[in-house]
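Shown next, in structure tokens, is the structure this report addresses.
The values are calculated or read from the model by the stated rules, or taken from the named source; none is laboratory data. Quick caveat, the model's predicted, so the values are computed rather than measured. Note: ideal-geometry Cβ built from the backbone for every residue, glycine included; neighbour counts use all protein chains shown. For the accessible areas, the whole protein counts, side chains as well, though only heavy atoms, and no ligand, DNA or RNA atoms are used. Shrake-Rupley method; radii C 1.70, N 1.55, O 1.52, S 1.80 Å.
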Amino acid sequence: VQLQASGGGLVQPGGSLRLSCAASGRIFSIGVMGWYRQAPGKQRELVAAISSGGSTNYADSVKGRFTISRDNAKNTAYLQMDSLKPEDTAVYYCNADLRRIGVYWGQGTLVTVSS
């Protein structure tokens, strides 16, 4: 079982990026999927999460700018990030509750917002 995060990169302030988090292997079903981030010298924090039914919650700092979604048929979650700010710079990690298996973390993908 593997959780693979992708889509990070360098973007200018005001730009957009889309992160993907794909679960693969022998998976029964997936509960909550989430995105966390960790900036240098700071603790890891929740950015957004989505339940299997599509209910979402967001950190106050990203509300109105980021959108989390998922494709249950592809075992994949997405994070659309718009109006990016320099303070969004961090390593972004995805997380998934793989039912009957446990909670898995992806390897992290670096997002850098800079001009």
Practice prompt. Can you pull the one-decimal nm distance between simple spin-label points at S69 and T112, each 7 Å off the Cα toward Cβ?
Written response: 2.9 nm
Worksheet item: What list of ³J(HN,Hα) values in whole Hz, one per residue of region 5-17 in order, does the Karplus curve 6.51 cos²θ - 1.76 cosθ + 1.60 (θ = phi - 60°) give from phi, with Gly and Pro shown as x?
Response: 9, 8, x, x, x, 9, 9, 7, x, x, x, 10, 9
Practice prompt. Determine which residues of region 20-47 fall in the zone a paramagnetic label at R100 would reach in this model, i.e. backbone nitrogen under 19 Å from the point 7 Å along Cα→Cβ.
Written response: 23-33
Fill in: F28 versus R44: modelled label distance in nm, points set 7 Å from Cα along the beta carbon direction
2.4 nm
Worksheet item: So what J values fall out for region 67-80 if you push phi through Karplus, 6.51 cos²θ - 1.76 cosθ + 1.60 with θ = phi - 60°, rounded to Hz, Gly and Pro as x?
Response: 9, 9, 8, 8, 10, 5, 5, 9, 6, 10, 10, 10, 10, 8
Practice prompt. Whole number in Å², please: accessible area per residue of the chain, 1.4 Å probe, ligands, DNA and RNA not counted.
Written response: 52 Å²
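Ordering R18, R44 by how much accessible area each has at a 1.4 Å probe, largest first, what is the list?
On the way: R18 130, R44 95 Å².
Accessible-area ranking of R18, R44, largest first: R18, R44.
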Discussion item. Counting other C-beta atoms within 10 Å, and keeping those with at most 12, which DSSP coil trypsin sites (Lys or Arg not before Pro) do you find in region 58-115?
Written reply: K63, R99, R100
Response to the item:
For V47, the residues 5 or more places away or on another chain with a placed amide H closer than 5 Å to its own amide H are W35, Y36, R37
Worksheet item: So who's got an amide H within less than 5 Å of the one on T89, skipping anything under 5 residues away but keeping other chains? H placed 1.01 Å off N, in plane.
Response: V113
Worksheet item: Using a 1.4 Å probe, how large is the accessible area of L46, given in Å² and rounded to the nearest 10?
Response: 60 Å²
Worksheet entry | For the chain, built as a Gaussian network whose Cα springs stay under 10 Å, the top-fluctuating residue of Q80, Q43, Q12 | Q43
Fill in: Accessible carbon and sulfur surface of the chain relative to its total accessible area, %, 1.4 Å
46 percent
Discussion item. If I take R0 = 22 Å and measure r between the Cβ atoms of S52 and S6 in this structure, what FRET efficiency does the formula 1/(1 + (r/R0)^6) give, to the nearest 0.05?
Written reply: 0.50
